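In what follows, a structure is listed as structure tokens, so that the remarks can point back to it.
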Amino acid sequence: MAVLLAAVTGIVLLGCALSEAVTAVWAVALIVLVPTARRLDRRIAVNLSLLVGCSPVLIWLPPVIGERTAALTLVALASAISALSILRSGRAVVPAVHRSDCTIVVAALLAMAAASPLRSPANPGSAMRMLTAGWDHASHFSMFVEQRLLLTAPPFLPEAADRSGFFFDQYPQWFHSLLVVMSQLFVGASADVPNELVTYARMQWALYVVLAVLTTAALMQSIPQQTFTPVRISVLVVGLSLVLGVPGALNLMQGHLSFLLATLSAPVIHLLVRGRPSLAAHELAAILGLVVVAASWMLVLPLACVAAGPHVWSAWRAARGLRKVGLACGVAATAVVSSLMIWQSVKESPTEHVVMDGPVAAVGVAATVVVLLGALVVVVGGHVAGAGAWRSATDRVGLMIVLTALAEVVCLGAFQVYATGELSYYFWKVSMAALVVGLLLSAVAAAELVAARQAVLGPPRTIVGVLGAAIVAVVASAGLGVGLQHYPASSLSWAAATREQLQQRALSTSGSGAGVVLRLSGEVTSPSMAARTTLVATAESDLSPAYANQWFHALTRSRTVRAGEIDDDLYVLGLDRSNTAAAAELIERLLSDPDQRVVVTDPALSQRLLRELTPTQMGRVTLVNGAPSSEETP
């Protein structure tokens, strides 16, 4: 039996090494087959937590078996675990399935449909038009493509295109390492930079589906299986309203899936550990990995630490021998990696960073406070009603998480008002994170209340139960979207609108702004040359000047500190594109550096430069038109 199993495993792994399609199919199968839990919903939740939390570390492996070393190593480890489990007990690999597991399939299908235009862009131009819907995709693509092509991650990345250093050296990149590992799993070896736009778009789709499935599986496994079915459906709607509606749909469009992933870490940790007297080694690894994920977005780290801390401490006290050594190593590794990411974020001007401003979707302060206080009431009620509640500190972790979220919102808001007189970007982001955490935990607590009542009084009358669940589902469908300060609409509407907007952008034939950037980046011969070039895109059909320049440097792998110094000036220039005098003044200042080159897209600006600049300076200015490139045409 052992020889046969080893042979089958070897054949599968050989197929993965030879075929990228086999790797993708087998990777999906392993999420169900690796026996980290008996119940299917819990198994999927634990395995996906391990994927998003622990797999990014594999990007640090030297590429000894090719460009897909990280992915093949992950598949080999998971296959070996499954094979050993079959040897010990053949039944272990087959999960226990419950009818409520259908909700996981529903969540996956809805997420696939909601972000479907990103699944298979026709070409780099189509991918870029969808990605330019959000400001931060250029930055995240820049970090992704560096790791994807260089097959490593910070702090082991080589020198940047110039001596000023990579612009994102101070940005935590665990999320981008995850995207690289996933791209090796589901796409294969890397391509040229324009085609990596397609890969990046596909990974946004894949991660969106993973987050929907992870959230649903974590919710379902935390609810007793005998819970009234309409209650389970209500909890599902709450989770999907947040992940596929608001803030999930907005995060997908804006390039903020890293924030959504970090935000979900704390509630997923809590849902995985609640009600469990002890945790296996792989469950502790999943929890610690999610803490690292939260550390990549520092302001939500306290929530993850509160969720994980009591359970890790309990495991430490109960551990003996090698298990205690292993747990100590895991905690130490988590602390080191998290500390490095925190240090990257705060080593320069941490106070200024916290009060920076920027465009962000936000729910009003009053609505935020009301929802969080309501979540506190429901969480307390759920714990009190639950069997054996309040007997130990770990039984009160849910309340501690919501209290921490509320305290962080209040403290950060007070600090920003004291420092600048107004609430700004990070307050609204932390408020949104607190709302997501509070609503997910209160949904499970409410289900626990119903389950406790059901245990004492029996199941509710069908009509009453269905009606109550329907009301909750309708309210959840409206979700946080109706509380947005700008463009309020139900979360269901936001989910539908996101898909429609992505589809329209993908099929658009008028995206010359993306075309200019794609064509220009293809003409640059080296990153070092691109680092000395500034794109001043001020024609009406162009992207925002700052955004166009960021995409240019991302696509030429030249987003250095020096190249990014001009971003603020270009942003101001975009407020009035017709102000050729301001643009000419900026360009003249840029050309005072004899190594600097400038590309302009507006003929009127070019004519003005001809009048105001010397022939030597004009020799370093290039005019390009806005005709779509071949890579942009659908």
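The values are calculated or read from the model by the stated rules, or taken from the named source; none is laboratory data. Quantities reported herein were computed from a predicted structural model and do not represent experimental measurements. As a convention, Cβ positions derive from the backbone with ideal geometry for all residues, glycine included, and neighbour counts pool all protein chains shown. With ligands, DNA and RNA removed, areas are computed over all heavy atoms of the protein, side chains included. Shrake-Rupley method; radii C 1.70, N 1.55, O 1.52, S 1.80 Å.
The table that follows gives values for the structure above.
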{"item": "Residue pairs meeting the criteria (Cβ under 7 Å; at least 6 apart or on separate chains; first over 22 Å from residue 252 (Cβ atoms), in the range 360-375; second open to solvent by 20 Å² or more (accessible area, probe 1.4 Å) and assigned to a loop (DSSP other than H, G, I, E, B))", "result": "364/485"}
{"item": "Residue check for residue 23: touching a residue at least 24 places away in the same chain (Cβ under 8 Å) and over 30 Å from residue 260 (Cβ atoms)", "result": "no"}
{"item": "Any hit, the range 97-107, residues being part of a loop (DSSP other than H, G, I, E, B) and open to solvent by 20 Å² or more (accessible area, probe 1.4 Å)", "result": "yes"}
{"item": "Where residue 264 falls short, out of the listed (1) more than 20 Å from residue 115 (Cα to Cα); (2) of a type outside the set (Val, Ile, Thr); (3) assigned to a helix (DSSP H, G or I)", "result": "(1)"}
{"item": "When residues of the range 234-261 are limited to those that are open to solvent by less than 10 Å² (accessible area, probe 1.4 Å) and either in a loop (DSSP other than H, G, I, E, B) or touching a strand residue (DSSP E or B) at 6+ places or on another chain (Cβ under 9 Å) (or both), the one nearest to residue 179 (Cα to Cα)", "result": "255"}
{"item": "Filter result (of a type outside the set (A, V, I, L, M), farther than 14 Å from residue 58 by Cα and out of contact with any Asp or Glu (no Cβ under 8 Å at 6 or more places or on another chain)) within the range 142-154", "result": "142, 146"}
{"item": "Filter pass, residue 169 being in contact (Cβ under 8 Å) with a residue 12 or more places away in the chain and of a type in the set (D, E, K, R)", "result": "yes"}
{"item": "One residue from 531, 581 being of a type in the set (A, V, I, L, M), crowded, with 22+ Cβ neighbours inside 10 Å and either touching a residue at least 60 places away in the same chain (Cβ under 8 Å) or out of contact with any Ser or Thr (no Cβ under 9 Å at 6 or more places or on another chain) (or both)", "result": "531"}
{"item": "Search result, residues across the range 135-185 that are part of a loop (DSSP other than H, G, I, E, B), aromatic (Phe, Trp, Tyr) and open to solvent by less than 40 Å² (accessible area, probe 1.4 Å)", "result": "168"}
{"item": "Hey, residue 538 β-branched (Val, Ile, Thr), open to solvent by 60 Å² or more (accessible area, probe 1.4 Å) and more than 28 Å from residue 233 (Cα to Cα) or not", "result": "no"}
{"item": "Output for the range 12-67, where each listed residue is under 24 Å from the mean Cα position of the chain (by Cα) and of a type in the set (Gly, Ala, Ser)", "result": "24, 27, 29, 45, 49, 53, 55"}
{"item": "Any hit, the range 39-57, residues being open to solvent by less than 40 Å² (accessible area, probe 1.4 Å) and not in a helix (DSSP H, G or I)", "result": "no"}
{"item": "Filter pass, residue 314 being touching a residue at least 60 places away in the same chain (Cβ under 8 Å), assigned to a helix (DSSP H, G or I), of a type outside the set (A, V, I, L, M, F, W, C) and in contact with a Ser or Thr (Cβ under 9 Å, 6 or more places away or on another chain)", "result": "yes"}
{"item": "Meets criteria (in contact with a Phe, Trp or Tyr (Cβ under 9 Å, 6 or more places away or on another chain), within 21 Å of residue 202 (Cα to Cα) and open to solvent by less than 20 Å² (accessible area, probe 1.4 Å)) for residue 111", "result": "yes"}
{"item": "From 594, 634, residue being at pLDDT below 95, under 31 Å from the mean Cα position of the chain (by Cα) and not in a helix (DSSP H, G or I)", "result": "634"}
